[in-house]
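Q: Shown below is the structure under consideration.
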Amino acid sequence: MCVLAASLGALLVGCLFPQDDTLLDDVPRFMNRPPRIIETLVLPQERIIRDFGGSRCELAFEVAVEDPDVDDRIKVHWYIDYSPQDPRGPYREIPLTNNGETRRPDRGTLRINLAAANSELSTPGQHLVEALVSDAELTDRQPESRVVNLPDGGTIIDPGFVISYAWVVNTVPGNCR
């Protein structure tokens, strides 16, 4: 009886069907991961600027960025008063330096001075200032995906990412000119 139990146990441990010995040629590549805006380093810290033009005439908007994919090219696209009914490209585009580290060494910075001619925020009222950070090309503010060819002849879609940070600026009449 013990011999029969041992024989059955040995049969159950092994597999009755032959196994395919297909090995991976290459390690699969990582899919793209999204960048991140480091909120503690964003300037100005307040998201609503109430009296631009009254107490101050100059503003600097800054975002600091991390991306776990250290080889990605990161751009900060600045938009002022974007309207989907009247889509325009970004007011400014700022590529960030790639230093091979997760945190990029420079910041996407936009400086607005109300004393400058044709300042985008000079009209009294509310304005929306947006920083869109992307690791892909943008089309209508949406990131483009890439088709990646695999060694076995198949393809995968590697998504691009965009993240945003926004401020509401209330411009008031003042002495900035």
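Q: Hey, among the residues in segment 147-165 that are in contact (Cβ under 8 Å) with a residue 24 or more places away in the chain, open to solvent by less than 30 Å² (accessible area, probe 1.4 Å) and not hydroxyl-bearing (Ser, Thr, Tyr), which one's nearest to residue 79 (Cα to Cα)?
A: The selected residue is 160.
Q: Looking at 33, 50, 73, can you tell me which residue is open to solvent by 90 Å² or more (accessible area, probe 1.4 Å), in contact (Cβ under 8 Å) with a residue 24 or more places away in the chain and part of a strand (DSSP E or B)?
A: Sole residue among the options that is open to solvent by 90 Å² or more (accessible area, probe 1.4 Å), in contact (Cβ under 8 Å) with a residue 24 or more places away in the chain and part of a strand (DSSP E or B): 50.
Q: Out of all the residues in segment 6-27, is one or more in a loop (DSSP other than H, G, I, E, B), within 29 Å of residue 144 (Cα to Cα), open to solvent by 100 Å² or more (accessible area, probe 1.4 Å) and modelled with pLDDT of 65 or more?
A: no
Q: From the list 60, 116, pick out the single residue that is over 30 Å from residue 159 (Cβ atoms), among the hydrophobic types (A, V, I, L, M, F, W, C) and more than 24 Å from the chain's Cα centre (by Cα).
A: Of 60, 116, the one residue that is over 30 Å from residue 159 (Cβ atoms), among the hydrophobic types (A, V, I, L, M, F, W, C) and more than 24 Å from the chain's Cα centre (by Cα) is 116.
Q: Just a yes or no: is a residue in segment 96-111 under 21 Å from residue 169 (Cα atoms) and in a loop (DSSP other than H, G, I, E, B)?
A: Looking for residues that are under 21 Å from residue 169 (Cα atoms) and in a loop (DSSP other than H, G, I, E, B), one finds at least one in segment 96-111, hence yes.
Q: Another question, then. Which ones in segment 112-123 are in contact with a Phe, Trp or Tyr (Cβ under 9 Å, 6 or more places away or on another chain) and outside any strand (DSSP E or B)?
A: Within segment 112-123, 114, 120, 121 qualify.
Q: Is there any pair with a first residue in segment 117-138 that is farther than 17 Å from residue 57 by Cβ and a second that is basic (Lys, Arg) and open to solvent by 20 Å² or more (accessible area, probe 1.4 Å) whose Cβ atoms are under 6 Å apart and which are 6 or more apart or on different chains, and what are they?
A: Matching pairs, first to second residue: 134/75.
Q: In this structure, is residue 67 surrounded by 16 or more Cβ atoms within 10 Å (Cβ to Cβ) and either over 18 Å from the mean Cα position of the chain (by Cα) or modelled with pLDDT under 95 (or both)?
A: Here the answer is no, as residue 67 does not meet what is asked.
Q: Looking at segment 77-90, can you tell me whether even one residue there is assigned to a loop (DSSP other than H, G, I, E, B), within 30 Å of residue 57 (Cα to Cα) and in contact with a Phe, Trp or Tyr (Cβ under 7 Å, 6 or more places away or on another chain)?
A: Yes.
Q: Moving to a separate point now. Any residue at all in segment 126-136 that's crowded, with 18+ Cβ neighbours inside 10 Å, closer than 26 Å to residue 48 by Cα, out of contact with any His (no Cβ under 6 Å at 6 or more places or on another chain) and of a type in the set (Val, Ile, Thr)?
A: yes
The values are calculated or read from the model by the stated rules, or taken from the named source; none is laboratory data. Nothing here was measured: the structure is a model prediction, and the numbers come from that model. Backbone-built Cβ (ideal geometry, glycine too); neighbour counts: all protein chains shown. Ligands, DNA and RNA are excluded from the accessible area calculation, which covers all protein heavy atoms including side chains. Shrake-Rupley method; radii C 1.70, N 1.55, O 1.52, S 1.80 Å.
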